[in-house]
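Structure record follows, encoded as structure tokens.
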Amino acid sequence: PAKAWVNFNGTGTVAIRGSGNVSSITDNGTGDYTVNFTTAMADANYASICNSSRSDTNNAYGNNHTSTTVPATGSIRVIAQITTTVNPNDQAYFMLAIFR
């Protein structure tokens, strides 16, 4: 089972739709978030799977390049952008799962 997971809206004021073992989301700036765990991981040797998408004016969804930084036991930082060459951007749908 996942050790932590979250589905949140990263536009405007960050809002968690649903989660497990996630206490909060810190908005570090456009498209840049820190997911804080309720209970810390035993170590930082876990795997993260993340995806994000945004709703465009036609209500279609576009997948984005989503990456994580070096994981920590109490949190993980995630960044969403359209491609690796475009600045981060806020996402209407952001999903993250942690496995160990």
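Cβ-Cβ contacts under 7 Å between residues 6 or more apart (or on different chains), taken from a first residue in segment 1-12 that is at negative phi and hydroxyl-bearing (Ser, Thr, Tyr) to a second residue that is in a loop (DSSP other than H, G, I, E, B) and surrounded by fewer than 18 Cβ atoms within 10 Å (Cβ to Cβ), are listed as THR11/ALA92. On inspection, THR11 fails the criterion of being under 13 Å from VAL78 (Cα atoms) and open to solvent by 30 Å² or more (accessible area, probe 1.4 Å). Regarding ARG54, is this residue at pLDDT below 80, of a type in the set (Lys, Arg) and open to solvent by 60 Å² or more (accessible area, probe 1.4 Å)? Spelling it out, ARG54 is indeed at pLDDT below 80, of a type in the set (Lys, Arg) and open to solvent by 60 Å² or more (accessible area, probe 1.4 Å).
In this structure, ILE16 does not satisfy being within 10 Å of the chain's Cα centre (by Cα), farther than 12 Å from GLY74 by Cβ and surrounded by 13 or more Cβ atoms within 10 Å (Cβ to Cβ). Looking at THR73, THR69, THR83 in this structure, which one is at pLDDT 95 or above and exposed (fewer than 15 other Cβ atoms within 10 Å of the Cβ)? Answer to the selection: THR73.
Taking the criterion of being open to solvent by less than 30 Å² (accessible area, probe 1.4 Å), over 17 Å from ASP90 (Cα atoms) and modelled with pLDDT of 95 or more, would at least one residue in segment 21-32 satisfy it? Yes: one or more hits.
The values are calculated or read from the model by the stated rules, or taken from the named source; none is laboratory data. Quick caveat, the model's predicted, so the values are computed rather than measured. Positions of Cβ are generated from backbone atoms using ideal geometry, with glycine treated the same way; all protein chains shown enter the neighbour counts. Just the protein is used for accessible areas: all its heavy atoms, side chains included, with ligands, DNA and RNA removed. Shrake-Rupley method; radii C 1.70, N 1.55, O 1.52, S 1.80 Å.
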